[in-house]
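Reading through the structure tokens given below for one structure.
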Amino acid sequence: ISKFNNQEAKNAFEKYIRQPADISQGLKSKPRLELRAKDRDFFNQYIQDMNFRDLFNKQVANLKNEAQKNIYLNSLALNDKIDELLKTDNDKIEFGRFLITNCYLVVVTTSSRESAFRVFSVMNNRGLSLLATDIIKSDIIGMINDVNEDLVEKYTNKWEDIETLLGRDSFNDLFSHIRTLKSKIKAKKGLIGEFKEYVLPNLNHQTSIEFIETVLEPYAHSYNLIRNCCYNSENKDNEINGILKWLNSFNHSDWIPSSMYFISVNENNPELILTFLEKMERLCSYMYADSFDVNDRIARFAKIVKELEVAHNAIPNSLELNDEE
């Protein structure tokens, strides 16, 4: 619409961007599409209000999160394509008419969330991938919403803040690590089904809130420290972050769940964390040198987690190398 010189064309197409006010029905003008609260103002200011010049003057690296960066990059790409292919107002009107009269929304229903996830993944080969965490989020936040709508914004914001901190892919990896902590076995099925089986078998209002506050938040924090080697304390932080860099260089991430657990419980004890990670690095080096396969690694780390569940502040015996090793 911002590309039209013809005011009549602008007016005709703008109603598809914003719902016009209607005094007879008491309707106020409002956007046809709204994003999540975190990005809503950004989307309204630059896209719905069509302030593309101000948007394109921004530095993409300075935008707050992945969503806003994608909005910027997609808008810029579409702007360039319109300039390249649609030279006149008539060209733009024809293209707009095609979108309005020939594009349809098709609703597809499935028998389960797992099958819906598979169908979407197959059909959505060009858009943003739907991750297992998107399905899990709808279950957990939806359960909170069933009881008290006032809590939805609070816990949705918590969830999205963590996702923004880690990024979508790493956020999905976090859930895999949490699943491993709870199941202590190698994944055999999809994350959605196993998460429900091992992490939240009794999903209800209370367990949803407890998961976000006592599992998701603390583990996301410790996972971020591990992934970005950014542990901070008055002493030992350089040594700890140095070992984390080595650990992150291994060709697997099986060591992360138990380390995530230990750091989340003992974050204020840098000396103990350093000792744990030194022994973890030694164990992973031995596993690498001795060509441990994934099943052997997971079995060993499962023993470590079981010991940690009994004594949170002790170095597990399974972390030590035995005489033969």
In segment 38-70, what residues are among the aliphatic types (A, V, I, L, M), under 23 Å from Asp169 (Cα atoms) and open to solvent by 30 Å² or more (accessible area, probe 1.4 Å)?
Val60, Ala61, Ala67
Selection status of Ile144, farther than 21 Å from Glu66 by Cβ, part of a helix (DSSP H, G or I) and open to solvent by less than 60 Å² (accessible area, probe 1.4 Å):
yes
Result of the Cβ filter at 8 Å on segment 68-91, keeping first residues that are closer than 22 Å to Gln48 by Cβ and part of a helix (DSSP H, G or I) and partners that are of a type in the set (Ser, Thr, Tyr) and at pLDDT 90 or above, at least 6 apart or interchain, is Ile71/Tyr46; Ser75/Tyr46
Out of all the residues in segment 249-263, is one or more under 24 Å from Lys182 (Cβ atoms), part of a helix (DSSP H, G or I) and open to solvent by 60 Å² or more (accessible area, probe 1.4 Å)?
no
Can you tell me how many residues in segment 91-117 are modelled with pLDDT of 75 or more and basic (Lys, Arg)?
2
Determine which single condition Asn5 fails, assuming it passes every other condition in (1) of a type outside the set (D, E, K, R); (2) more than 20 Å from Thr101 (Cβ to Cβ); (3) modelled with pLDDT of 85 or more; (4) touching a helix residue (DSSP H, G or I) at 6+ places or on another chain (Cβ under 6 Å).
(3)
Hey, any hits in segment 92-107 for a residue that's of a type outside the set (Lys, Arg), surrounded by 11 or more Cβ atoms within 10 Å (Cβ to Cβ) and not in a helix (DSSP H, G or I)?
no
Residues that are more than 19 Å from Lys182 (Cα to Cα) and under 30 Å from the mean Cα position of the chain (by Cα): does segment 302-316 have at least one?
no
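The values are calculated or read from the model by the stated rules, or taken from the named source; none is laboratory data. What you are looking at is a predicted structure, and each value in this text was computed from that prediction instead of being measured. Quick reminder, even Gly has a Cβ in these numbers, built from the backbone with ideal geometry, and neighbours come from all protein chains shown. Ligands, DNA and RNA are excluded from the accessible area calculation, which covers all protein heavy atoms including side chains. Shrake-Rupley method; radii C 1.70, N 1.55, O 1.52, S 1.80 Å.
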